[in-house]
Amino acid sequence: MGQPSDQNNYSQPLYALVTGGARNIGQAISLRLQQDGYRVIVVDIVEPEAASLQADAYQVDLADADATRQMMVDIAKRYTVTRLINNVGIVAPALLEEATLEDFDKLMQLNVRSALICTQAMLPAMKAQGAGRIVMNASRVVLGKEARTIYSATKGALQSMARTWALELAEHGITVNCVAPGPIATSAFWQNNPPDSERARRIIDNIPLGRMGQPEDVAQAVSFFCDERSSFITGQTLFVCGGVTVG
């Protein structure tokens, strides 16, 4: 595990906040950061599922702007958060002709707006420390995928915001990067791609490494970006996709 160096008092814990950290990829990220030595704060609409996750858990609907803003204000008062993982997100698969404005609003509010609210709330502490790590959970769909008009729009927005923030926050020692998972074996993936379906088989067959990714694969990339030794990397997107994005 990397030894934190961006706090003057090593007796104080280094806090990492993970949105949507109670299940699936978010849970794997939370567990990995805990393993890395961070004290993890999970913000989700449900309680954490993993019994081994010793996190400070807060329940809120991150699609609710007012509730999220108030929750972030309260958390910022209680903790000095220098690691923020904007992970929460939902998918609404639909071909272009079937995409709805209701889904557009819902996904933008949860996937994108919550990241803006959470980041703004945690910035003062990071700037005061002169260091910080912000990681966005984007997706390989930013490169294009059928039936993902709205979802890809939200993940592309996260990627674009990350690049902008990387430039704005560099002088404060704060890095901003994205992980972009490909096919990852989560409940959301199997819900949209039933295991016995031709669609799921086709996806798996097209993965060069020959297997589905696991949430822990994404957590590994997040851990790398959060490490204080990754301080010269910002504004980047790391595809965790088993080679799907190559060629």
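The values are calculated or read from the model by the stated rules, or taken from the named source; none is laboratory data. These figures come from a predicted structure and were not determined experimentally. Because the Cβ atoms are built from the backbone with ideal geometry, glycine has one as well, and the counts that use them run over all protein chains shown.
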Practice item. Filter segment 189-235 down to residues that are polar (S, T, N, Q) and in contact with a helix residue (DSSP H, G or I) (Cβ under 8 Å, 6 or more places away or on another chain), then give me how many there are. Key: 6
Review point. Using beta carbons and a limit of 7 Å, which pairs, at least six apart or on different chains, have the first residue in segment 213-236 and within 28 Å of Phe189 (Cα to Cα) and touching a residue at least 12 places away in the same chain (Cβ under 8 Å) and the second one assigned to a loop (DSSP other than H, G, I, E, B) and of a type outside the set (A, V, I, L, M, F, W, C)?
Key: Gly213/Gly182; Gly213/Pro183; Gly213/Gly242; Pro215/Thr186; Ser223/Asp36
Check your understanding: Counting just the residues of segment 143-157 that are assigned to a helix (DSSP H, G or I) and in contact (Cβ under 8 Å) with a residue 24 or more places away in the chain, which one comes out farthest from the chain's Cα centre (by Cα)?
Key -> Thr149
Check your understanding: For segment 24-138, which fully contained strands (runs of 3 or more DSSP E) count at least 3 residues that are more than 23 Å from Lys155 (Cβ to Cβ) and among the polar types (S, T, N, Q)?
Key -> none
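Conditions (1) β-branched (Val, Ile, Thr); (2) under 15 Å from the mean Cα position of the chain (by Cα); (3) within 27 Å of Ile233 (Cα to Cα), marked per residue:
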residue	(1), (2), (3)
Ala55	no, no, no
Asp66	no, no, no
Met71	no, no, no
Asp74	no, no, no
Glu102	no, no, no
Asn111	no, yes, yes
Gln120	no, no, yes
Met126	no, no, yes
Val141	yes, yes, yes
Exercise for review: Inspect segment 159-171 for any residue being in contact with a strand residue (DSSP E or B) (Cβ under 8 Å, 6 or more places away or on another chain), of a type in the set (Asp, Glu) and modelled with pLDDT of 95 or more and give the result as yes or no.
Suggested key: no
Check your understanding: Using beta carbons and a limit of 9 Å, which pairs, at least six apart or on different chains, have the first residue in segment 158-169 and touching a residue at least 24 places away in the same chain (Cβ under 8 Å) and polar (S, T, N, Q) and the second one in a helix (DSSP H, G or I) and surrounded by 19 or more Cβ atoms within 10 Å (Cβ to Cβ)?
Key -> Gln159/Val142
Review point. Among the residues of segment 24-36, is there at least one that is at pLDDT 95 or above, farther than 18 Å from Val135 by Cα and of a type in the set (Gly, Ala, Ser)?
Key: no
Check your understanding: Is there a residue being under 18 Å from Val222 (Cβ atoms), buried (at least 18 other Cβ atoms within 10 Å of the Cβ) and either modelled with pLDDT of 95 or more or in contact with a Lys or Arg (Cβ under 9 Å, 6 or more places away or on another chain) (or both) anywhere in segment 68-79?
Key -> no
Review point. Given the structure, is Ala55 within 30 Å of Asn193 (Cβ to Cβ) and among the small types (Gly, Ala, Ser)?
Key: yes
Exercise for review: Inspect segment 189-198 for any residue being at pLDDT 95 or above and hydrophobic (A, V, I, L, M, F, W, C) and give the result as yes or no.
Suggested key: no
